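Only one structure is covered here, and it is reproduced in the block below.
The values are calculated or read from the model by the stated rules, or taken from the named source; none is laboratory data. A quick note: this is a predicted structure, and the numbers were derived from the prediction, not measured. Quick reminder, even Gly has a Cβ in these numbers, built from the backbone with ideal geometry, and neighbours come from all protein chains shown. Protein only, heavy atoms only, side chains kept; ligands, DNA and RNA dropped before computing areas. Shrake-Rupley method; radii C 1.70, N 1.55, O 1.52, S 1.80 Å.
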Amino acid sequence: MSRPAILMDRDGTLSHEIGYVNHASRFRLFSYAVDAVRLINRSGYLAVLVTNQAGVARGYFPETVIHEVHAGLQAALQAGGARLDGLYVCMHHPSVGEPPYRQDCDCRKPRPGLLLRAQRELDADLKRSWVIGDRHGDLQVAWNVGARAALVKSGYGLGEWSYHMPKWPRQPDLVAEHLLEAVERIVSESGAA
Ligand SMILES: [Mg+2]
Ligand SMILES: [Zn+2]
């Protein structure tokens with residue numbers, strides 16, 4: 001039976017926004033990240049990470065760095081009794097770098113490809129799902145598939161909220177200080193049942 005998902009952005013949402021994570025040693029989870037994912041696990045929502053990593057296409061770091069970062073992430077989550085049900089990455093850029101990474105793909109957020117993979121592979125019910133992220137593109141990708149969108153004020157989020165949000169034609173369905181607050185409010189309001 002299909003289940004709704006909470007689809008999280010990575011940099012600025014689950015981990016500190018430090019620019020390109022061009023070495024695994026630069027990756028730093030937020031202190032509340034494991035608690036947030038564990039809460040999703042217990043809520044009945046699928047926990048899914050969706051991240052643009054165009055630094056690969058740009059040649060700033062090899063694809064292996066992404067796998068190393070995500071192995072560390074999964075280990076940290078597992079140590080805290082949490083897990084991701086899905087982890088989807090776009091490494092493409094439409095105009096920079098070399099093929100196959102240079103391509104006008106369908107998965108670079110706000111395009112919906114990563115979310116459609118979650119729908120297909122995890123049987124995620126996107127209409128009942130949420131995307132949580134720190135940038136406008138994270139909100140747009142939610143709305144592009146009929147999901148709801150939560151803006152967090154971590155990472156780029158405070159700047160988005162302060163200087164850009166008033167001009168957006170559509171306002172976020174939820175604004176939270178950080179990922180854990182967003183998850184708490186989503187699961188307490190709706191539940192996944
Ligand atoms: Mg981000
Ligand atoms: Zn892509």
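For every residue, the table says whether it meets (1) more than 16 Å from ligand 2 (Cβ to nearest atom); (2) under 13 Å from the mean Cα position of the chain (by Cα); (3) in contact (Cβ under 8 Å) with a residue 60 or more places away in the chain; (4) under 30 Å from Gly59 (Cα atoms).
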site: Val141; (1), (2), (3), (4): no, yes, yes, yes
site: Ala150; (1), (2), (3), (4): yes, yes, no, no
site: Pro169; (1), (2), (3), (4): yes, no, no, no
site: Val183; (1), (2), (3), (4): yes, yes, yes, no
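Anything in the range 22-45 that is surrounded by fewer than 16 Cβ atoms within 10 Å (Cβ to Cβ) and over 27 Å from Gln119 (Cα atoms)? List them, or say none. Spell out how you get there, then give the answer.
Filtering the range 22-45 down to residues surrounded by fewer than 16 Cβ atoms within 10 Å (Cβ to Cβ) leaves 22-23, 25-26, 28, 31, 42, 44.
Hits for the range 22-45 are Asn22, His23, Ser25, Arg26, Arg28, Ser31.
Out of (1) more than 13 Å from the chain's Cα centre (by Cα); (2) more than 16 Å from ligand 1 (Cβ to nearest atom), the odd one out for Arg28 is which?
Evaluating Arg28 over (1) more than 13 Å from the chain's Cα centre (by Cα); (2) more than 16 Å from ligand 1 (Cβ to nearest atom) leaves (2) as the failure.
Filter the range 147-193 for residues that are at pLDDT below 95 and either surrounded by 14 or more Cβ atoms within 10 Å (Cβ to Cβ) or touching a Lys or Arg at 6+ places or on another chain (Cβ under 8 Å) (or both) and give the result.
Within the range 147-193, Ser190, Ala192 meet the criteria.
What single numbered condition from (1) more than 16 Å from ligand 1 (Cβ to nearest atom); (2) among the aliphatic types (A, V, I, L, M); (3) open to solvent by 30 Å² or more (accessible area, probe 1.4 Å) fails to hold for Leu87?
(1)
For the range 9-21, check the following and say yes or no: at least one residue is away from ligand 1 (no atom under 13 Å from the Cβ), more than 18 Å from Cys107 (Cβ to Cβ) and either open to solvent by 30 Å² or more (accessible area, probe 1.4 Å) or not in a loop (DSSP other than H, G, I, E, B) (or both). Please lay out each step first, then the result.
Of all residues in the range 9-21, those away from ligand 1 (no atom under 13 Å from the Cβ) come to none.
No; the residues of the range 9-21 include none that is away from ligand 1 (no atom under 13 Å from the Cβ), more than 18 Å from Cys107 (Cβ to Cβ) and either open to solvent by 30 Å² or more (accessible area, probe 1.4 Å) or not in a loop (DSSP other than H, G, I, E, B) (or both).
Is one or more of the residues making up the range 79-96 assigned to a helix (DSSP H, G or I) and among the aliphatic types (A, V, I, L, M)?
Within the range 79-96, the subset assigned to a helix (DSSP H, G or I) is 79.
Filter once more, keeping what is among the aliphatic types (A, V, I, L, M): 79.
Checked against the condition, which is being assigned to a helix (DSSP H, G or I) and among the aliphatic types (A, V, I, L, M), the range 79-96 yields at least one hit.
Test of understanding: among Gly155, Gly159, Gly137, which residue is under 26 Å from Gly19 (Cα atoms) and without any contact (Cβ under 8 Å) to a residue 12 or more places away in the chain? Before you say what the answer is, go through the steps one by one.
Details: Gly155 fails: without any contact (Cβ under 8 Å) to a residue 12 or more places away in the chain; Gly137 fails: without any contact (Cβ under 8 Å) to a residue 12 or more places away in the chain.
Criteria check complete, one pass: Gly159.
Exactly one condition in (1) within 16 Å of ligand 1 (Cβ to nearest atom); (2) open to solvent by 30 Å² or more (accessible area, probe 1.4 Å); (3) part of a helix (DSSP H, G or I) is false for Arg117; which is it?
(1)
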